[in-house]
1. Looking only at the stretch 108-133, count how many residues are outside any loop (DSSP other than H, G, I, E, B), in contact (Cβ under 8 Å) with a residue 40 or more places away in the chain and within 16 Å of the ligand (Cβ to nearest atom).
2. Filtering the stretch 311-343 down to residues that are under 22 Å from L236 (Cβ atoms) and outside any helix (DSSP H, G or I), which residue is least open to solvent (accessible area, probe 1.4 Å)?
3. Report yes if some residue within the stretch 162-179 is within 14 Å of the ligand (Cβ to nearest atom), more than 15 Å from E212 (Cα to Cα) and at pLDDT below 95; otherwise report no.
4. Determine, yes or no, whether V56 is open to solvent by 10 Å² or more (accessible area, probe 1.4 Å), of a type in the set (V, I, T) and not in a helix (DSSP H, G or I).
5. Out of all the residues in the stretch 186-207, which are touching a helix residue (DSSP H, G or I) at 6+ places or on another chain (Cβ under 9 Å), within 12 Å of the ligand (Cβ to nearest atom) and not charged (D, E, K, R)?
6. Which one of these does V94 not meet: (1) crowded, with 21+ Cβ neighbours inside 10 Å; (2) of a type outside the set (D, E); (3) at pLDDT 95 or above; (4) closer than 20 Å to K19 by Cα?
7. For G145, state whether it is modelled with pLDDT of 95 or more, more than 12 Å from the ligand (Cβ to nearest atom) and under 30 Å from W32 (Cβ atoms).
Amino acid sequence: MDIINYTDEHRMFRDTCKKFLEKEIIPHVEEWEEAGIVPKSAWKKMGEQGFLCMGVPEAYGGLGLDFLYSVILIEEMARTNCSGLAASLHSDIVVPYIEAFGSEDLKHKYLPGCVSGDIITAVAMTEPNTGSDLAAIKTTAVEDGDDVIINGQKTFISNGINCGLVVVAAKDPAADNPHKAVDLYLVEEGTPGFEKGKQIKKAGWHSQDTAELYFTDCRIPKDHILGEKGMGFYMLMEKLQQERLACAIGAVTGAEYMLEITLPYVKERKAFDKPISKFQANQFKIVEMATEIKLGRTFVDKLIADHLEGKNIVTEVSMAKYWTTDMAHRVADQCLQLHGGYGYCEEYPIARAWRDTRVMSIFAGTNEIMKTIVARMMGL
Ligand SMILES: Cc1cc2nc3c(=O)[nH]c(=O)nc-3n(C[C@H](O)[C@H](O)[C@H](O)COP(=O)(O)OP(=O)(O)OC[C@H]3O[C@@H](n4cnc5c(N)ncnc54)[C@H](O)[C@@H]3O)c2cc1C
């Protein structure tokens, strides 16, 4: 029995996605990896096809589609083996903050551009001295009349170069409770005092424009706050469920993809006069991977179904984020090993998949932090 009830519309959408990605994305991946960035024109094409922010209501320019459409897009994008075009970060992680917590004015001002691809978004929480411990951020937001002045530095910000709008986590230095001190503000590209720093050279994710962002006496209107003052930390916690679920979906699909591209290779490649798939050691390895992937898929599909029903699945999503991303590491490593020397060469897609998988246990909350969340939920 299928865990997720995809309709014919969903299935048609998956076909449309596949065709679009094959034509407009996959042929350019090598070029973007070399360039270290995905051009804004690719984002625009995604927007024109209706592939960005599909859940945004029609009143703000969106299609008001259910989260399953996002799931399909996340899965099909994971199969492109291109992590640079972080459309899910934009559509399923950043824009939902604006949609859920922005004022009507902010929603009318920004959401249509987010849907069309004219505005690319980023979320800036991490700082050079703190990532896991969000309450320890140093970036400040101080009220001054009708404005707020932001000062601080952010690092590792995905879409950091391309972004036109950033959700910035900043702290009110006057607040006593560190968890109530954090607020989320919308800062537009071009605002005086907001500068994009250098693009960070990374071990993988070469076409993703991860960058540092600087805020120096950056003055924004006070009403660019998301939600109520003092609630930033809680808003982040609420929305991280979907971020971690998206990460788990990407990890399981990535693992499925890596095994899929490895199977024909092991059947074709010969050693000692027989295909390497005929060695029992390799067969066991492959069967173990297929089993782990199936377990991950079953767990993640169940969580997708629960998330669609609006259930609180913070504990299970934290388990899934750590387990599926660790599993994807194991699969990446084994699949590369099965390719022998060719696995380490750029002309084989497993090389990029292997290095791009590594970061998944670090971002969206490290896997250790996932375990601390589960331990807390278990009353430990
Ligand atoms: C490619 C990439 C993209 C990213 N994109 C974004 C983005 O768009 N926006 C954004 O805000 N951030 C982003 N990040 C930052 C990412 O979320 C952080 O790197 C992550 O949260 C970890 O923070 P840190 O690097 O400061 O590590 P630290 O917090 O310094 O942790 C270092 C190590 O200590 C462990 N550790 C820390 N605390 C505990 C604990 N209590 N118990 C056990 N172990 C612990 C961690 O698990 C980790 O292994 C990105 C990072 C990367 C690499």
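1. 5
2. I313
3. No, that holds for no residue.
4. No.
5. Answer for the stretch 186-207, where residues must be touching a helix residue (DSSP H, G or I) at 6+ places or on another chain (Cβ under 9 Å), within 12 Å of the ligand (Cβ to nearest atom) and not charged (D, E, K, R): A203, G204, W205, H206, S207.
6. (4)
7. Considered against the rule, which asks whether it is modelled with pLDDT of 95 or more, more than 12 Å from the ligand (Cβ to nearest atom) and under 30 Å from W32 (Cβ atoms), G145 comes out as no.
Listed here are the residues, each with its yes/no results for (1) touching a Cys at 6+ places or on another chain (Cβ under 8 Å); (2) part of a helix (DSSP H, G or I); (3) open to solvent by 60 Å² or more (accessible area, probe 1.4 Å).
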residue: L21; (1), (2), (3): no, yes, no
residue: E31; (1), (2), (3): no, yes, yes
residue: A42; (1), (2), (3): no, yes, no
residue: S70; (1), (2), (3): no, yes, no
residue: T80; (1), (2), (3): no, no, no
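The values are calculated or read from the model by the stated rules, or taken from the named source; none is laboratory data. Here the structure is a predicted model, which means the values were calculated and not measured. Every residue, glycine among them, receives a Cβ derived from its backbone with ideal geometry; neighbour counts consider all protein chains shown. SASA here: full protein model, heavy atoms, side chains in, ligands and nucleic acids out. Shrake-Rupley method; radii C 1.70, N 1.55, O 1.52, S 1.80 Å.
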